Amino acid sequence: MRGFIALVLASVIGAAAVHAEETPKLIGTYGDWQAYTYNEAGTPICYAASAPKDTKPTNVRRGDIYVLVTYRPAQRIVDEVSVYAGYPYATDSKAKATIGNNTFILFTEEETAWATDIAQDKAVAAAMVKGLTMVVRGTSRRGTTTTDTYSLAGFSQAREAVRKACE
């Protein structure tokens, strides 16, 4: 898990460095989730992050795999869900996130999948609060279908910590 934290920090630090801002700071670890905060262009941004507990197939080489739920108060963005697959998704493909009995179709671009709009972001985050796991399925440009299973243990606490840190 420490390696995952370093990978997420490295990717976010790269984005923050473009704006010559501070590096992300760990707010806390909550079950299988971590909460972070940093400033971008003088405004706070906070996010909860987690890596999958299981990925399939196991014989496929991939980059960093993680999910972020971001809070950007200056832009009035709450619960922005983004999934990083560790590979470029197939062109014009969709990813599917399943939480309990709820299935959400996410649009993809390069290595990232997102909810289609603010309402869906809120619905995904609400399902994450109530769920035990989130299973994300996607297809790479090479045609490989992957399945990543995330634990939602600690998500509610990490989400609350993110909100408090960015108020």
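Numbers at a glance
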item: Any hit, region 107-130, residues being closer than 19 Å to residue 73 by Cβ and of a type in the set (Val, Ile, Thr); result: yes
item: Failed criterion for residue 116 (all others in (1) over 19 Å from residue 24 (Cβ atoms); (2) exposed (fewer than 15 other Cβ atoms within 10 Å of the Cβ); (3) touching a residue at least 40 places away in the same chain (Cβ under 8 Å) hold); result: (3)
item: Filter result (among the aliphatic types (A, V, I, L, M), out of contact with any Leu (no Cβ under 8 Å at 6 or more places or on another chain), at pLDDT 90 or above and buried (at least 17 other Cβ atoms within 10 Å of the Cβ)) within region 2-50; result: 27, 45
item: Per-region count, region 18-76, residues within 21 Å of residue 111 (Cα to Cα), in a loop (DSSP other than H, G, I, E, B) and among the hydrophobic types (A, V, I, L, M, F, W, C); result: 3
item: Number of the exception - residue 138 against (1) closer than 20 Å to residue 31 by Cα; (2) in contact (Cβ under 8 Å) with a residue 24 or more places away in the chain; result: (1)
item: Residue match in region 102-113 (condition: among the aliphatic types (A, V, I, L, M), assigned to a loop (DSSP other than H, G, I, E, B) and surrounded by fewer than 16 Cβ atoms within 10 Å (Cβ to Cβ)); result: no
item: Residue in region 65-73 that is without any contact (Cβ under 8 Å) to a residue 24 or more places away in the chain and surrounded by fewer than 16 Cβ atoms within 10 Å (Cβ to Cβ) present; result: no
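The values are calculated or read from the model by the stated rules, or taken from the named source; none is laboratory data. Just so it is clear, the model here is predicted, and its values are computed rather than measured. Reconstructed Cβ throughout: ideal geometry from the backbone, glycine too, with neighbour counts over all protein chains shown.
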